[in-house]
Amino acid sequence: MALVLVRRLPLPRLRTGVGVQRAMLLTGLVLTALFVLTAVLGPALAPHGYAQLRDTEGLFGSQQHPSGSHPLGTTIAGYDVLSRTIWGARTALLIILAALLLSVVPGTVLGLVSGYLGGRLDRLLVGLADALYAFPPLLLAIVMSIVISGGQSSLVGGLGAAACSVAVSFVPQYFRVVRAEVIRVKSEPFVDAARVIGTGPWRIMTRHVLRNSVRTLPLIFTINASEAILTLAGLGFLGFGIEPNSAAEWGYDLNRAVADVTSGIWWTAIPPGLGIVLTVLGTTLLGEGLTDLADPRLRRRTDAPVPPADGGGDGD
């Protein structure tokens, strides 16, 4: 499934964008790549652990100004701000992967079955998808956080609550997109030819219909990834996120830095805030840019023939 989605990305068309479209795509690509590299290389980049309070010289201290040993200072709890910000990228990447697993896969399978088989099952699934749109994602995440973790904001509880709430919001989107594509693709001549030669329904669905119905899913997911990060950050900011001794999380760090800002202590709030802003901006711009490239009505080719200039004749 993941390999099919990656192959559907319009990467060969990356050079066809021009102007604002190209700038938007490249900016999103750079920011997203920086975010992923920071998350993957977090243990090597962070000078300290996400819950570390001391080193060989003793305690870090509370609300220490930026210095050589702590480039971005320390928080009110005594954590190194730079380390918490870097480790927070890993937590954000985990919620994106969890949202991918819990929303894209079920939404694709249900859309495939519903669109291909039709009938009462199709009407039932469409009704359920419409009903799921009524759930507010953040409120649902708060309820799930209490149910899953029992009021204790652990890594599993925080990620599980955010991922489940995001899945409830995203599954209907993927379901509707795949269902519409399946309805279109199943009437194509190559599908009819597969039926004529005796190919079974399951093989037709997975080999012929599915591969031609998921081309837009990577574009949708890059945009929805930002909502997954915002949901997790919202949980942390409201106090239903992940405790600092379980993992680093930008929303929780922002919540603890609110009182610092009023006291003129800026270094505890700006780094996690920038982490959220830049990551959401990068994934959103990447998704919008890839959507433009995938739409032939919005895509311009740079290799289009140049019209001849006026007055280009040989003259008298």
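Quick note: the coordinates plus some simple rules give every number you see, no bench work behind them. Every value quoted in this text rests on a predicted model; they were computed, and no experiment measured them. FYI the Cβ positions are ideal-geometry reconstructions off the backbone, even for glycines, and counts take in every protein chain you see.
For Val143 and Leu45 in the same chain, what is the full-extension length gain: residue separation times 0.36 nm, less their Cα-Cα distance, in nm?
Details: separation 98, 0.36 × 98 = 35.28 nm, distance 3.50 nm.
31.8 nm is the gain from fully extending Val143 to Leu45.
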Unit charges at the beta carbon, dipole of the stretch 135-270: most positive-side option, Ile148, Val177, Gly200: Gly200
Formal net charge of residues neighbouring Leu254 (Cβ-Cβ distance under 13 Å; K, R +1; D, E -1): -1
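For the pair Leu124 and Arg203, what calculated FRET efficiency results from E = 1/(1 + (r/R0)^6), where r is the Cβ-Cβ distance and R0 = 22 Å, to the nearest 0.05?
Numbers: r = 25 Å, r/R0 = 1.13.
Rounded to the nearest 0.05, the efficiency is 0.30.
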Interchain or long-range residues, amide H under 5 Å from Thr74's placed H: Gln63, Gln64, Val81
Per principal axis, descending, Cα span of the stretch 230-281 in whole Å: 27, 26, 17
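Apply 1/(1 + (r/R0)^6) to the Cβ-Cβ distance of Arg54 and Val156, taking R0 = 25 Å, and write down the FRET efficiency to the nearest 0.05. Walk me through the numbers before you get to the answer.
On the way: r = 27 Å, r/R0 = 1.07.
E between Arg54 and Val156, to the nearest 0.05, is 0.40.
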Overall Cα dimensions of the stretch 161-247 - principal axes, largest extent first, Å: 60, 20, 16
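For the stretch 16-153, what percent of Cα pairs sit more than 17 Å apart? Spell out each step's value before the answer.
On the way: 7151 of 9453 pairs.
Tail of the P(r) past 17 Å holds 76 percent of the pairs.
Can you give the extra length, in nm with one decimal, that the chain gains between Asn245 and Arg211 once fully stretched, where that is 0.36 nm per residue apart less the Cα-Cα distance? Present the calculation step by step, with values, prior to reporting the outcome.
Details: separation 34, 0.36 × 34 = 12.24 nm, distance 4.34 nm.
In short, 7.9 nm is gained.
From the alpha carbon gyration tensor of the stretch 33-90, can you work out the equivalent ellipsoid semi-axes (sqrt of 5 times each eigenvalue) and give them in Å, largest to smallest? Please list the in-between numbers first.
Working: eigenvalues 89, 23, 17 Å².
Equivalent ellipsoid semi-axes, largest first: 21, 11, 9 Å.
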Only Lys, Arg (+1) and Asp, Glu (-1) charged, at Cβ; the stretch 134-223 dipole about Cα centre in debye: 320
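Just need the Rg to Rh number for the stretch 118-186, please, alpha carbons only, Kirkwood Rh. Don't jump to the answer; show the numbers that get you there.
Numbers: Rg = 15.2 Å, Rh = 13.4 Å.
Using Cα coordinates only, the ratio equals 1.14.
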Label-to-label distance, nm, for residues given as Val36 and Ala131 (7 Å Cα→Cβ offset): 3.8
